[in-house]
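Chemist: Handing you a structure now.
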Amino acid sequence: MKKIILLLSCWAVIGNAQPVGSSISKVGTTAAAFLEIPVGARAIGMGSAFAATSDDATGLYWNPAGVARLPYREVMFTHVNWIGDMNHDFAAMTLPLEGFGTIGVSFVGLTMPEMNVTTIEKPEGTGERFSAGSYALGIHYARTLSDRFAIGFTAKYVTESIWNMTSDAFALDAGVLFTTEFLNGMRIGASITNFGTDMKLSGRDTRTFYAIDRTKLGSNQRIAQNIEVDSWPLPMNFQFGIAVDVLKSETNLLTVAVDALHPADNYESINLGVEYGFQSTFFLRAGYQNLYLTDGESGLTAGAGIMADLFGENLRGRLDYAYSDMGRLKAVNVLSVSVIF
């Protein structure tokens with residue numbers, strides 16, 4: 001366990017390394033920033049401190065090792081009216097296979113309404129419209145190596161597009177989860193996400209024409225050329241978390257969690273969260289995202305949830321809601337629906 005966590009830590013430090021004494025946050029230096037938007041009303045309600053819990057289908061995003069111990073199948077959908085009139089959606093399914101482990105698939109998308117194409121000459125619009133979107137499709141595998149230790153891996157395809165330009169990449173996630181023998185089975189989790197290839201836009205929107213010499217009659221005024229664009233890395237992140245059930249009985253369960261984040265495109269920060277469950281049916285949550293982050297907009301979170309039988313004990317439904325304060329940006333409301341069978 002120590003060797004694996006040390007390996008993940010070294011991997012994250014090397015990949016996210018900055019010069020000693022650097023005060024540069026590296027914000028805006030990565031592609032596919034939508035991969036950093038948290039998913040799941042339950043996790044968001046807990047301040048995104050979920051690396052050491054990761055015990056539902058959103059664990060495919062937070063720490064794939066967490067789904068290794070799920071005894072049931074789950075299908076989940078999450079929708080968020082994100083800032084700037086954008087829509088953020090997440091869907092996932094987990095399937096435990098006896099003797100093999102747990103497999104899963106996930107999809108995340110960030111979309112926005114079409115917009116008018118404007119130019120300096122036509123600031124009100126040219127009559128054309130364009131769209132933009134970002135998507136990621138993941139395939140996951142997790143299994144337990146002992147009664148206390150689990151590992152998980154994710155392979156995903158990432159693509160972004162704007163008008164006639166597209167870019168894609170392949171990425172890997174890896175995570176570990178260890179349950180201790182003390183403090184009601186305190187959990188320790190670590191994950192590294194979005195380790196993959198760089199992204200570079202390509203398409204006909206880079207095509208332009210160049211005049212060799214506008215002062216000479218008869219020179220070619222339309223020499224075709226392509227504007228060279230740069231490539232950008234994915235937003236790799238290392239997250240280390242601890243979760244403790246400070247109150248645990250047949251009726252009440254109170255969990256406190258804390259995560260430390262080391263992203264490639266920002267400063268380090270801490271997430272804090274708490275969840276109270278009554279008879280595994282009603283849930284209340286609160287948390288704080290990105291504590292100590294310089295110039296961060298996210299902050300307090302809160303949420304609630306309910307779980308109930310749908311058609312007998314073998315089919316259950318779960319509805320979760322979360323509120324996330326985004327500072328000077330408008331607050332975000334998150335709704336998740338799960339079916340467990």
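The values are calculated or read from the model by the stated rules, or taken from the named source; none is laboratory data. These figures come from a predicted structure and were not determined experimentally. For neighbour counting, all protein chains shown are included, and Cβ atoms are generated from backbone atoms with ideal geometry for every residue, glycine included.
Chemist: Could you grab the pairs with beta carbons closer than 7 Å, sequence gap of 6+ or different chains, first residue in segment 61-80 and assigned by TED's automatic domain parsing to the domain that holds Tyr321 and without any contact (Cβ under 8 Å) to a residue 60 or more places away in the chain, second one surrounded by fewer than 22 Cβ atoms within 10 Å (Cβ to Cβ) and part of a strand (DSSP E or B)?
Modeler: Close Cβ pairs (under 7 Å, with a partner that is surrounded by fewer than 22 Cβ atoms within 10 Å (Cβ to Cβ) and part of a strand (DSSP E or B)) amount to Leu70/Pro96; Pro71/Pro96.
Chemist: I'd like the residue in segment 54-80 that is hydroxyl-bearing (Ser, Thr, Tyr) and touching a Ser or Thr at 6+ places or on another chain (Cβ under 7 Å) and, out of all such residues, is farthest from Glu98 (Cα to Cα).
Modeler: Here the residue is Thr78.
Chemist: What number of residues in segment 284-293 are surrounded by 12 or more Cβ atoms within 10 Å (Cβ to Cβ) and not in a strand (DSSP E or B)?
Modeler: Looking only at that region, the number is 1.
Chemist: Continuing with the same structure: Test each condition in (1) at pLDDT 95 or above; (2) more than 30 Å from Val332 (Cα to Cα) for Phe100 and report the one that comes out false.
Modeler: (1)
Chemist: When segment 187-233 is examined, which residues are found to be among the hydrophobic types (A, V, I, L, M, F, W, C), out of contact with any helix residue (DSSP H, G or I) (no Cβ under 7 Å at 6 or more places or on another chain) and crowded, with 17+ Cβ neighbours inside 10 Å?
Modeler: Ile188, Met199, Leu201, Trp232, listed by residue number.
Chemist: OK, next. Restricting to segment 81-104, and then to whatever is in contact with a Ser or Thr (Cβ under 9 Å, 6 or more places away or on another chain) and under 28 Å from Asp325 (Cβ atoms), can you tell me which residue is surrounded by the most Cβ atoms within 10 Å (Cβ to Cβ)?
Modeler: Filtering first and then ranking leaves Ala92.
Chemist: In segment 28-54, which residues are within 20 Å of Leu110 (Cα to Cα) and aliphatic (A, V, I, L, M)?
Modeler: Within segment 28-54, Ala31, Ala32, Ala33, Leu35, Ile37, Val39, Ala41, Ala43, Ile44 qualify.
Chemist: Can you tell me which residue within segment 257-282, out of those that are of a type outside the set (Gly, Ala, Ser) and either over 20 Å from Asp325 (Cα atoms) or not assigned by TED's automatic domain parsing to the domain that holds Tyr323 (or both), is surrounded by the most Cβ atoms within 10 Å (Cβ to Cβ)? Don't jump to the end; show me each part of the working.
Modeler: Taking segment 257-282 first, the residues of a type outside the set (Gly, Ala, Ser) are 258-259, 261-263, 265-268, 270-272, 274-276, 278-279, 281-282.
Those still in the list that are either over 20 Å from Asp325 (Cα atoms) or not assigned by TED's automatic domain parsing to the domain that holds Tyr323 (or both) too: 262-263, 265, 276, 278-279, 281-282.
Details: His262: 19, Pro263: 23, Asp265: 20, Tyr276: 15, Phe278: 11, Gln279: 10, Thr281: 12, Phe282: 13.
The residue in question is Pro263.
Chemist: Please determine, by comparing only the residues of segment 305-341 that are surrounded by fewer than 17 Cβ atoms within 10 Å (Cβ to Cβ) and in contact (Cβ under 8 Å) with a residue 60 or more places away in the chain, which one is farthest from Glu268 (Cα to Cα).
Modeler: So the residue we want is Phe341.
Chemist: Can you tell me how many residues in segment 37-80 are part of a loop (DSSP other than H, G, I, E, B) and buried (at least 24 other Cβ atoms within 10 Å of the Cβ)?
Modeler: 16
Chemist: Taking the condition surrounded by 15 or more Cβ atoms within 10 Å (Cβ to Cβ), over 16 Å from the mean Cα position of the chain (by Cα), within 19 Å of Gly189 (Cβ to Cβ) and not polar (S, T, N, Q), does Gly138 pass?
Modeler: It is false that Gly138 is surrounded by 15 or more Cβ atoms within 10 Å (Cβ to Cβ), over 16 Å from the mean Cα position of the chain (by Cα), within 19 Å of Gly189 (Cβ to Cβ) and not polar (S, T, N, Q).
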